Amino acid sequence: FIDELTNVKPTVQSLIYSIVLDRKGKDGLWPLPDNAVVIGAGNEAADVSAAYPLTGALYRRFCHIYYEVNVADFLNWANDISDTSKAEEIEVSEKPSKKLHPAIYSYIRSRGENVLYSDYDEDEPKICVDPRKWEIASHLLYATKNPNSLLMAIGAELTADFVQYVKEIPLSVEDVLNKNYDKNRLVQMGVDKKIATA
């Protein structure tokens, strides 16, 4: 697996030809086993300033799979039962049952594409978000139980909006268990608040 293949300048990409074509490293060293498959991953040059286009010869020697970041696919992934091995690396205080903290899941579902991904501006660097950052934010929230801890992962603006969103959640689990709510108020709630409550 050759990761970040497009982060390598085209002049250096030629070193990969021997792996892809001859199935061995430079000067015939480290031959690949017969059952090995060469896979590369990288960003499009149009999407990331650090990426270079693949040389034409190398481009033609790979099959290509493209994917787009979207809320529906990300939330479907996040809704699966978590592989807690990553969580243990960050020493969370309680093991999450989902890949994303429920409050973060609800927030992204409510706010949509506007919060899931932001572009990185090389001229004016600031914190940008993507699905990886939201996963980091989720681990932080599980570990600290403090929404303000997300500042370093998602930036000041999104953290402030997230904190406000969490404060607007109208019912707690205790409210539901103690039947401490007004059914008419629930009917009048907007969709965002209903999702947050759920």
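The values are calculated or read from the model by the stated rules, or taken from the named source; none is laboratory data. If you're wondering where the values come from, they're calculated on a predicted model, not measured in any experiment. Neighbour counts are summed over all protein chains in view; Cβ atoms, including those assigned to glycine, are modelled from backbone coordinates with ideal geometry. The accessibility values were calculated without ligands, DNA or RNA, using every heavy atom of the protein model including side chains. Shrake-Rupley method; radii C 1.70, N 1.55, O 1.52, S 1.80 Å.
Contact annotation: residue pairs with Cβ atoms under 8 Å, 6 or more positions apart or on different chains, pairing a residue in the range 1-16 that is modelled with pLDDT under 85 and among the β-branched types (Val, Ile, Thr) with a partner that is outside any helix (DSSP H, G or I) and open to solvent by less than 50 Å² (accessible area, probe 1.4 Å), are Ile16/Ile2; Ile16/Val8; Ile16/Gly40. For the range 175-185, enumerate the residues that are at pLDDT 70 or above and not polar (S, T, N, Q). Matches in the range 175-185: Asp175, Val176, Leu177, Lys179, Tyr181, Asp182, Lys183. Scanning the range 106-133 for residues that are within 10 Å of Val71 (Cα to Cα) and part of a loop (DSSP other than H, G, I, E, B), we see that the one that is modelled with the lowest pLDDT is Tyr117. Filtering the range 1-23 to residues that are open to solvent by less than 90 Å² (accessible area, probe 1.4 Å), closer than 14 Å to Ala51 by Cα and part of a helix (DSSP H, G or I) leaves Leu5, Thr6, Asn7, Pro10, Val12, Gln13.
Give the range 156-170 a look and list any residue that's under 12 Å from Ile104 (Cβ atoms) and at pLDDT below 85, or say none. Passing the criteria: only Val166. Out of the residues in the range 72-93 meeting the condition of being more than 25 Å from Asp161 (Cβ to Cβ) and modelled with pLDDT of 50 or more, tell me which one is nearest to the chain's Cα centre (by Cα). Step by step, filter the range 72-93, then rank; the result is Asp80. The residues on offer are Ala153, Ala103, and the sole one that is modelled with pLDDT of 85 or more, touching a Pro at 6+ places or on another chain (Cβ under 8 Å) and open to solvent by less than 60 Å² (accessible area, probe 1.4 Å) is Ala103. For the range 24-64, name all the residues that are modelled with pLDDT of 85 or more, open to solvent by less than 90 Å² (accessible area, probe 1.4 Å), of a type outside the set (A, V, I, L, M, F, W, C) and not in a loop (DSSP other than H, G, I, E, B). Of everything in the range 24-64, those that are modelled with pLDDT of 85 or more, open to solvent by less than 90 Å² (accessible area, probe 1.4 Å), of a type outside the set (A, V, I, L, M, F, W, C) and not in a loop (DSSP other than H, G, I, E, B) turn out to be Gly40, Gly56.
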